[in-house]
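The values are calculated or read from the model by the stated rules, or taken from the named source; none is laboratory data. Everything numeric in this text was worked out from a predicted model, so none of it was measured. Positions of Cβ are backbone-derived with ideal geometry, glycine not excepted, and every protein chain shown enters the neighbour counts. The accessibility values were calculated without ligands, DNA or RNA, using every heavy atom of the protein model including side chains. Shrake-Rupley method; radii C 1.70, N 1.55, O 1.52, S 1.80 Å.
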Amino acid sequence: MALEFKPAALEECRRIIAKYPRKRSAVLPVLYVAQREFGYVSEEAEALVAKLLDLHAEEVSGVVSFYTMFHRQPVGRYVVEVCRTLSCALMGADDIASHLRKRLGIQPGETTPDGRFTLRNVECLASCGTGPAVQINGVYHENLTIQALDRILDSLP
Ligand code: FES
């Protein structure tokens with residue numbers, strides 16, 4: 001059976017699309033809805049979004065592959081994204097990244113066997129003045145130390 005949005009999500013997409021003079025301009029927010037609904041943006045989800053926006057699936061695929069916030073494969077319950085760009089690197093991002101690899105037992109791009117964490121290295125999170133920065137499920141954590149990061153991970157339900 002082809003992938004479909006649930007009625008409420010489809011309605012949400014239609015409301016988003018209606019805000020733009022051209023349907024194609026809604027591609028990012030509609031992709032966010034797709035990712036939230038399906039957990040990641042599969043080729044089927046790209047095709048679904050393309051159909052809604054009167055785009056070719058390849059055009060949607062190009063957007064999804066350009067932006068790191070879209071997941072092209074299933075991810076864990078928590079997506080931990082470590083900024084490795086210059087400012088954060090100078091402020092200790094390598095130590096943060098190394099600690100995360102050890103603590104979670106996985107490499108960037110992998111998910112823990114229990115499905116709880118996916119680890120990713122990303123480019124600048126636009127928090128350069130308060131590095132090192134990590135984003136967990138879209139929430140920023142800045143000026144991190146290993147101890148602060150451990151407290152954050154320990155506090156996750
Ligand atoms: S360099 Fe890390 S947020 Fe910009």
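All conditions but one from (1) surrounded by fewer than 18 Cβ atoms within 10 Å (Cβ to Cβ); (2) away from the ligand (no atom under 16 Å from the Cβ) apply to T68; the one that does not is (2). Among what's in the range 125-141 and is closer than 14 Å to A97 by Cα and not polar (S, T, N, Q), pick the residue that is farthest from the ligand (Cβ to nearest atom). Looking at the filtered set, the residue picked out is I136. Of the conditions (1) out of contact with any Leu (no Cβ under 6 Å at 6 or more places or on another chain); (2) open to solvent by less than 40 Å² (accessible area, probe 1.4 Å), F117 fails just one. Which one is it? With (1) out of contact with any Leu (no Cβ under 6 Å at 6 or more places or on another chain); (2) open to solvent by less than 40 Å² (accessible area, probe 1.4 Å) applied to F117, the lone miss is (1).
Within the range 8-32, residues that are under 17 Å from A45 (Cα atoms) reach partners that are open to solvent by less than 80 Å² (accessible area, probe 1.4 Å) and of a type in the set (D, E) with beta carbons closer than 7 Å, at six or more positions or on different chains, in the pairs A9/E37. Restricting the range 84-109 to residues that are among the polar types (S, T, N, Q) and within 12 Å of the ligand (Cβ to nearest atom) leaves a set whose member that is farthest from G129 (Cα to Cα) is T85. Please find, among T118, T130, T145, T111, the residue that is at pLDDT 95 or above and under 12 Å from the mean Cα position of the chain (by Cα). Just one listed residue meets the conditions, T118.
Of the residues V79, V139, V75, only one is under 12 Å from the mean Cα position of the chain (by Cα) and surrounded by fewer than 17 Cβ atoms within 10 Å (Cβ to Cβ); which? None of the others qualify; the one that does is V139. Pairs are defined by a Cβ separation below 6 Å, a sequence spacing of at least 6 or placement on different chains, a first member in the range 81-96 that is of a type in the set (K, R), and a second member that is assigned to a helix (DSSP H, G or I); the pairs so defined are R84/A93. Inspection of the range 35-48 finds no residue satisfying the criterion of being without any contact (Cβ under 8 Å) to a residue 60 or more places away in the chain, surrounded by 15 or more Cβ atoms within 10 Å (Cβ to Cβ), more than 26 Å from V79 (Cα to Cα) and over 18 Å from the mean Cα position of the chain (by Cα).
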